[in-house]
Structure formats: C-alpha cells, structure tokens
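Worksheet for the structure shown next.
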Amino acid sequence: VSEKTIFEKIRDKEVPSEIVYEDDSVVAFRDIDPKAPVHVLVIPRDKIETFSQLTGWDDAAVGAFFRRVSEVAQRLELDKGYRIVINCGAHGQQSVDYLHAHILGGRQLSWPPG
Ligand code: 5GP
C-alpha cells in the first residue's frame, strides 16, 4: 500500500491549499514556496507519477491536461508572459511524485534554468 503524496492530499482536500481552479480533470493551487510572484501548480485528477508516464495516456487525456494548463495561465492574467515547467525524475529535480505543471510568472524570468 503506497502512501498518498502531498498532492493527492491536496486534491482530496485532506490538507488545505489555495486552489485557484478545479474541474473534473485538474486541480490548480498556489505553490507553498513560490519561486515567482505568481506560482501555481496544475495536477491532473488522475494521478500519474511523472511526465514520462504520459505515454500511457491517450491523446485526448494528454490534450485535456495541457489545455487546462493554458486555461489556468490565462485566468492568472500574466499578460507579459509566463513559464511552464515540468520537472521529471531525479535529474529534473522532481520532488513530488505526482505529475504537476508549474506556472511561473509576474516577473522577468531568466534563461537557462540551473
Ligand atoms: P517539483 O520540485 O516536484 O517540481 O515541485 C514540487 C513543488 O511543490 C515545489 O515547488 C514545492 O514548493 C511545492 N510543494 C511542496 N509541498 C507543498 C504543499 O504542501 N503545498 C503546496 N501548495 N505546495 C507544495
């Protein structure tokens, strides 16, 4: 029996978070340790651990997830732009094993990432 990750607990409202958007396919909430003035995480309701595992989803499910990420970003009114980040695995420095897209904005971001 595997332990729930923190994001499953957030999805299931077992731990509080500042949810900015949710529907039947995603939950979007503010990052507890924001790396930019706006830092929101978007998770699919159906848990998978990493971006790599998206190969197991059909095109419609993948598309639904990415469309929601775009819609949530639009709601955040980041008129000057923003960045979508998905960390994957150890080298990607993924720290929570539940697929999530970061939406980062509200300041000029630099490139490349570390
Ligand atoms: P990763 O490093 O896996 O790409 O991103 C995980 C993110 O989850 C980090 O930016 C971290 O600040 C955020 N995070 C970790 N624990 C919590 C929590 O309990 N609540 C919220 N809202 N965000 C969290």
Which listed residue is farther than 24 Å from residue 109 by Cα and among the charged types (D, E, K, R), from 75, 68, 11, 30: 11
Verdict on residue 107 being under 15 Å from the mean Cα position of the chain (by Cα) and charged (D, E, K, R): no
Extreme residue, farthest from residue 108 (Cα to Cα), among residues of segment 47-65 that are within 16 Å of the ligand (Cβ to nearest atom), surrounded by 14 or more Cβ atoms within 10 Å (Cβ to Cβ) and not aliphatic (A, V, I, L, M): 47
Residues that are surrounded by 14 or more Cβ atoms within 10 Å (Cβ to Cβ) and either part of a strand (DSSP E or B) or not charged (D, E, K, R) (or both), drawn from segment 1-24: 5, 6, 7, 10, 17, 19, 20, 21, 22
Tally of residues being within 12 Å of the ligand (Cβ to nearest atom) and under 24 Å from residue 19 (Cβ atoms) across segment 95-113: 10
For residue 44: the one exception among (1) within 24 Å of residue 3 (Cα to Cα); (2) within 12 Å of the chain's Cα centre (by Cα); (3) within 14 Å of the ligand (Cβ to nearest atom): (3)
Subset of segment 13-32 [of a type in the set (D, E, K, R) and within 13 Å of the ligand (Cβ to nearest atom)]: 13, 14, 18, 30, 31
Residue tally, condition outside any loop (DSSP other than H, G, I, E, B), away from the ligand (no atom under 14 Å from the Cβ) and either farther than 20 Å from residue 23 by Cβ or over 12 Å from the mean Cα position of the chain (by Cα) (or both), over segment 69-94: 4
Within segment 11-36, considering residues that are in contact (Cβ under 8 Å) with a residue 40 or more places away in the chain and hydroxyl-bearing (Ser, Thr, Tyr), the one nearest to residue 91 (Cα to Cα): 25
Qualifying residue in segment 49-58 (condition: at pLDDT 95 or above, of a type outside the set (Asp, Glu), outside any loop (DSSP other than H, G, I, E, B) and under 13 Å from the mean Cα position of the chain (by Cα)): yes
The lone exception for residue 39 - which of (1) without any contact (Cβ under 8 Å) to a residue 60 or more places away in the chain; (2) within 13 Å of the ligand (Cβ to nearest atom); (3) crowded, with 16+ Cβ neighbours inside 10 Å; (4) not aliphatic (A, V, I, L, M) it fails: (1)
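The values are calculated or read from the model by the stated rules, or taken from the named source; none is laboratory data. Values in this document were obtained by computation on a predicted structure and should not be read as measured data. Neighbour counts run over all protein chains shown; Cβ positions are idealised from the backbone, glycine included.
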